[in-house]
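Notes follow once the structure below has been shown.
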Amino acid sequence: MDIQVQSFFLKEDGQIPNNPTLPVIFYQNAFDGEDGGRSPEEIEAAFNSHGWTNSWSGDVYDYLHYHSNTHEVLGVRRGTGTILAGGDSGQRLEVKPGDVILLPAGTGHMKVESSDDFEVVGAYPEGAEPNLMERDPAKAAQAKNTIGNAGIPGQDPVYGEDDQSPMRHKWIK
């Protein structure tokens, strides 16, 4: 298993707050099933075992939205797609089975395109119930206060309690 990890910050665009202190983390090949590693079918069980629950499977909304009250993790179970993170001037992520995107609270995201069989598993730390926020300058300004209250989860959704995990390394200073 050759996991490649990228992280990047996204700027507020006036309508989507994004997260001012935590980067998006993109784990490529986290569940690719290569070399005896975990398969895409194991994504939900792994997330749940690491405290990321209230999980669901299906598609990603095709309009820009965010959750101001909790972080979200998305793991690609099947198919391929393009996820836009951050808003119109954000980053496009080409995803395939086994890839995982960790979105800190406030990060705008949407599906741009996908194959017909595209399916992701989503989950939230400690089973949080996400709110659903859309583009709105007034709400984005209010959301900034809520975003800071989301806290840092106890475990990385992919690596669990490993102190060297990408989430712990990049989110805990």
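The values are calculated or read from the model by the stated rules, or taken from the named source; none is laboratory data. Bear in mind the structure is a predicted one, so any value in this text is a computation, not a measurement. Virtual Cβ from ideal backbone geometry, glycine too; neighbours counted across all protein chains shown. All accessible areas refer to the heavy atoms of the entire protein, side chains included, with ligands and DNA or RNA removed. Shrake-Rupley method; radii C 1.70, N 1.55, O 1.52, S 1.80 Å.
Rounded to the nearest 20, the Cβ-based charge dipole of the chain about its Cα centre (Lys and Arg +1, Asp and Glu -1) stands at 720 debye. Once divided by 2.2 N^0.38 Å, the Cα radius of gyration of the chain becomes 0.95. Counting protein heavy atoms only, the chain has 43 percent of its accessible area on carbon and sulfur, 1.4 angstrom probe. Each of 15, 40, 169 was placed along the dipole of the chain (beta-carbon charges, centred on the mean Cα), and the one lying farthest toward the positive end is 15.
Probe of 1.4 angstrom, ligands and nucleic acids ignored: what's the accessible area per residue over the chain, in square angstrom? Working shown, then result.
Details: 7890 Å² over 173 residues.
Heavy-atom SASA per residue in the chain reads 46 Å².
Evaluating 6.51 cos²θ - 1.76 cosθ + 1.60 at θ = phi - 60° for every residue in region 121-136, the Karplus couplings come out as 10, x, 7, 9, x, 6, x, 3, 9, x, 7, 10, 10, 10, 4, 5 Hz, glycine and proline recorded as x. Positive-end ranking of 155, 56, 31 along the dipole of the chain, with charges on Cβ about the Cα centre, is headed by 155.
Please work out the C-alpha center-to-center distance from region 27-71 to region 103-173 and express it in whole Å. With region 27-71 and region 103-173 each reduced to a Cα centre, they are spaced 11 Å.
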